Amino acid sequence: MGYIEHPTTKDRLLYWTPRIASLLFVGFISLFALDVFGEYRGWELVLALFMHLLPSFVLLVAIALAWKYDILGVIIFFGFAVLYVIWAGLDRPWTWYAFVSGPSALIGILYFVSWVRNKEQKKQ
């Protein structure tokens, strides 16, 4: 029988940090949808809320895929960071990019580190 090595604390941290951070990021992005409650009523409110939460729904699907395949987390979160800058335009205050693209890019980096670590472990 072969010896199965248990994951170290570092391995668990590298695995869970991008996943938890990505869920927290979706929660943060979802907060921006709350502005619809002051502007809409009835079915218009439901439609507006759905439209404002659409990026959150897409990111939740992405997280589900990235949960198993770290490289998808890298691509998706870096892609989201770049797409946000393009969508917002370059004429906005730098804080717009720092608070949305910054965390998304950081999560992409965390998924990358997790992916690299996973590849190293498979080689051993």
Report, by residue number, each residue of region 98-124 that is among the hydroxyl-bearing types (Ser, Thr, Tyr) and under 12 Å from Gly79 (Cα atoms). Ser101, Ser104
Within region 83-113, tally of residues that are under 15 Å from Leu23 (Cα atoms), aliphatic (A, V, I, L, M) and in contact (Cβ under 8 Å) with a residue 40 or more places away in the chain: 4
With (1) in contact with a helix residue (DSSP H, G or I) (Cβ under 8 Å, 6 or more places away or on another chain); (2) closer than 17 Å to Ile20 by Cβ; (3) of a type outside the set (Val, Ile, Thr) as the list, and Ala64 as the residue in question, which single condition is left unmet? (1)
Subset of region 53-74 [part of a helix (DSSP H, G or I), more than 12 Å from the chain's Cα centre (by Cα) and surrounded by fewer than 17 Cβ atoms within 10 Å (Cβ to Cβ)]: Leu54, Lys68, Ile71
Which of the following residues is among the aromatic types (Phe, Trp, Tyr) and free of Cβ contacts under 8 Å to residues at least 12 places away in the same chain: Phe32, Phe28, Phe50, Phe80? Phe50
Among the residues of region 25-46 satisfying the criterion of being at pLDDT 90 or above and surrounded by 12 or more Cβ atoms within 10 Å (Cβ to Cβ), which is farthest from the chain's Cα centre (by Cα)? Ser30
Those residues of region 92-114 which are farther than 16 Å from Pro55 by Cβ and surrounded by 19 or more Cβ atoms within 10 Å (Cβ to Cβ) amount to Leu110, Tyr111, Ser114
Being without any contact (Cβ under 8 Å) to a residue 40 or more places away in the chain and of a type outside the set (A, V, I, L, M, F, W, C) narrows it down to one of Arg12, Arg19, so name that one. Arg12
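The values are calculated or read from the model by the stated rules, or taken from the named source; none is laboratory data. Everything numeric here is computed off the predicted structure, so don't read it as measured data. Heads up, the Cβs are rebuilt from the backbone with ideal geometry, glycines too, and the neighbour counts pull from every protein chain shown.
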